[in-house]
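First the structure, in the form of structure tokens, and then the observations on it.
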Amino acid sequence: MKHQESDYIHFDPWEGDESDIRCRTVKLVKVRKQHACFMGAHPNHGDQHIIERGAVARVETALIDGDFWGRSYVCIPCMDKWLDEINGEDDDK
């Protein structure tokens, strides 16, 4: 991993969203089955792709607007791109 574990956990892809988010848990896990990467679906961060079984990913679970439980998985390479962008780092160095 390129960044500290705490950087991956404390980053909030939902920041600025006006949804009511409660009972939120965030952790890094080794996935036991394939999952779609949430960030891969983000228009500024690449194409939809799969997090393969055995890879480390950030998983977030929360109660959204009091109506449903949401869960999102984000692969470490996508998190690295987003954190580099936030920190003003350039991949071409």
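The values are calculated or read from the model by the stated rules, or taken from the named source; none is laboratory data. Remember, predicted model here, so these are calculated numbers, not experimental data. We place every Cβ from the backbone using ideal geometry, glycine too, and count neighbours over all the protein chains shown.
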Given the criteria within 14 Å of the chain's Cα centre (by Cα) and basic (Lys, Arg), does Arg71 qualify? yes
Residue pairs, Cβ under 7 Å, 6 or more apart or interchain, first in the stretch 18-33 and more than 9 Å from Val59 (Cα to Cα), second modelled with pLDDT under 90 and not in a strand (DSSP E or B). List them. Ser19/Asp65; Asp20/Asp65; Asp20/Gly66; Ile21/Trp14
Which members of the stretch 1-14 meet the condition of being farther than 11 Å from Glu60 by Cβ and within 12 Å of the chain's Cα centre (by Cα)? Asp7, His10
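Table: residues versus (1) out of contact with any Gly (no Cβ under 9 Å at 6 or more places or on another chain); (2) acidic (Asp, Glu); (3) closer than 14 Å to Ile86 by Cβ.
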{"site": "Gln4", "(1), (2), (3)": "yes, no, yes"}
{"site": "Tyr8", "(1), (2), (3)": "yes, no, yes"}
{"site": "Glu15", "(1), (2), (3)": "yes, yes, yes"}
{"site": "Cys23", "(1), (2), (3)": "yes, no, no"}
{"site": "Val26", "(1), (2), (3)": "yes, no, no"}
{"site": "Val31", "(1), (2), (3)": "no, no, no"}
{"site": "Ala36", "(1), (2), (3)": "yes, no, no"}
{"site": "Met39", "(1), (2), (3)": "no, no, yes"}
Quick check on the stretch 44-53. Is at least one of its residues buried (at least 16 other Cβ atoms within 10 Å of the Cβ) and either in a loop (DSSP other than H, G, I, E, B) or at pLDDT 85 or above (or both)? yes
Quick one: Arg24 ticks every box in (1) over 17 Å from His3 (Cβ atoms); (2) surrounded by fewer than 17 Cβ atoms within 10 Å (Cβ to Cβ); (3) within 13 Å of the chain's Cα centre (by Cα) bar one, so which box is it? (3)
